[in-house]
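Worksheet for the structure shown next.
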Amino acid sequence: MADPVPVLDDLRAESAELDALVGELEPADWARSTPAPGWTVAHQIAHLLWTDEVALIAATDPDAFAEEVEKALVAPHEFVDEGAEKRAVLPPGELLARWRQGRDDLQRALREAPPGTRCPWYGPPMSVASMVSARLMETWAHGQDVADALGERRTPTARLRHVARIGVRARDYAYVVRELPPPDGEFRVELTAPDGGGTWSYGPVDAEQRVTGPAVDFCLLVTQRAHRDDLSVRAEGAEADRWLDIAQAFAGPAGQGREPQGAEPPDGGR
């Protein structure tokens, strides 16, 4: 059973890094557009706040969370956007304070969860470690949108290991959500870790289908924060190549991704 404490520490660090980007912004900067169509910096933080709030409900009150799932079923394609919209209209200072409090509350609840706890979610229930990994992935991905909006370059860290692992494990989901048959057998994925941290490897060494490249580029690809044409991720084998066109690490409908740099963005890709 995975120990959730290390990834909880990494989530706290990832959130603090994003907090440093937005903590001193002027009010006008919260209204800056991000690469997600229709979403401002405020929407990005509001989305993280909403997700932390519903994750806290899932971790502490499964019956109440079941009611949240019922609400989502009424509007399965809108409920995520609605959660962000309702919070994005808050004054920036209040939004920032609520995000800080919400993520602290979630940290506390997950650290206090008994061993073996499984939290309900919009898909299958998750272990605490898996839930925290998913929260880190979202924080990093939406943080990338914020950084792009502000013209900031972030230094990739070893925390991306969590994002990469989800991306690899979600391979078949990318097919299923598009009503495509998942490929047979595992792929070999070899990613160059940031800061000279060696290679992160997944799958059998002798797999015919292979994916290689920098870990940060792979993470940008599977979170659909950049188009594969703008990244140094390479495929060997027809199925591996097909996967890189549709890969997504996040739950929900098939993402439309981002257009290559310089092109108009699609209507979606959050």
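Give the shape of the range 182-243 as rounded, prolate or oblate, defined through the alpha-carbon gyration tensor: a ≥ b ≥ c are the square roots of its eigenvalues, a/c under 1.5 means rounded, and otherwise the shape is prolate if a/b is larger than b/c and oblate if not.
Because a/c hits 1.5 or more and a/b fails to exceed b/c, the range 182-243 counts as oblate.
Please determine, in degrees from 0 to 90 and to the nearest 10, the orientation of helix 79-88 with respect to the longest principal axis defined by the Cα atoms of the chain, where the helix direction is its Cα long axis.
Helix 79-88 sits at roughly 50 degrees to that axis.
To the nearest 10 degrees, how steep is helix 4-22 against the longest Cα principal axis of the chain, on a 0 to 90 scale?
That helix lies at roughly 70 degrees to the long axis.
What spacing in nm lies between the two simple spin-label points modelled at R234 and V74, each 7 Å away from Cα in the Cβ direction?
With each label point 7 Å from Cα toward Cβ, the separation is 5.2 nm.
Largest first, what is the accessible-area ranking of E82, E179, E70, E53 with a 1.4 Å probe?
So the residues, ranked largest to smallest area, are E179, E70, E82, E53.
From the square roots a ≥ b ≥ c of the eigenvalues of the alpha-carbon gyration tensor of the range 141-195, which class results: rounded (a/c under 1.5), prolate (a/b over b/c), or oblate?
oblate
Divide the volume of the convex hull of the Cα atoms of the range 1-84 by its number of residues and quote the answer in cubic angstrom per residue.
132 Å³
Percent relative contact order of the chain, based on C-alpha pairs within less than 8 angstrom and at least six residues apart?
18 percent
Using a 1.4 angstrom probe, figure out how much accessible area the range 116-270 has per residue, in square angstrom, rounded to the nearest whole.
Each residue of the range 116-270 exposes 47 Å² on average to a 1.4 Å probe.
Which value, in Å³ per residue, describes the convex hull spanned by the Cα atoms of the range 126-229?
Dividing the Cα hull volume of the range 126-229 by its residues yields 125 Å³.
If each residue of separation counts as 0.36 nm, what is the full-extension length gain between L180 and Q101 once their alpha-carbon separation is subtracted?
Between L180 and Q101, full extension yields 24.3 nm more.
How many angstrom lie between the C-alpha centres of the range 68-106 and the range 139-212?
27 Å
With an 8 Å cut-off on Cα pairs and a minimum separation of 6 or more residues, tell me the relative contact order of the range 8-147 in percent.
38 percent
Specify whether the C-alpha gyration tensor of the range 41-168 places it in the rounded, prolate or oblate class, a ≥ b ≥ c being the square roots of the eigenvalues: rounded for a/c under 1.5, otherwise prolate if a/b is larger than b/c and oblate if not.
It is oblate, given that a/c is not under 1.5 and a/b is not larger than b/c.
Kindly provide the GluC sites (Glu not before Pro) of the range 4-47 that DSSP labels as loop, not H, G, I, E or B, and whose Cβ sees at most 13 other Cβ atoms within 10 Å.
E24
Can you pull the Kirkwood radius for the chain, inverse mean 1/r over Cα pairs, to one decimal in Å?
One over the average 1/r among Cα pairs gives 19.2 Å for the chain.
The values are calculated or read from the model by the stated rules, or taken from the named source; none is laboratory data. The structure displayed is predicted, hence computed values, not measured ones. Neighbour counts run over all protein chains shown; Cβ positions are idealised from the backbone, glycine included. Surface accessibility is based on the protein's heavy atoms, side chains included, excluding ligands, DNA and RNA. Shrake-Rupley method; radii C 1.70, N 1.55, O 1.52, S 1.80 Å.
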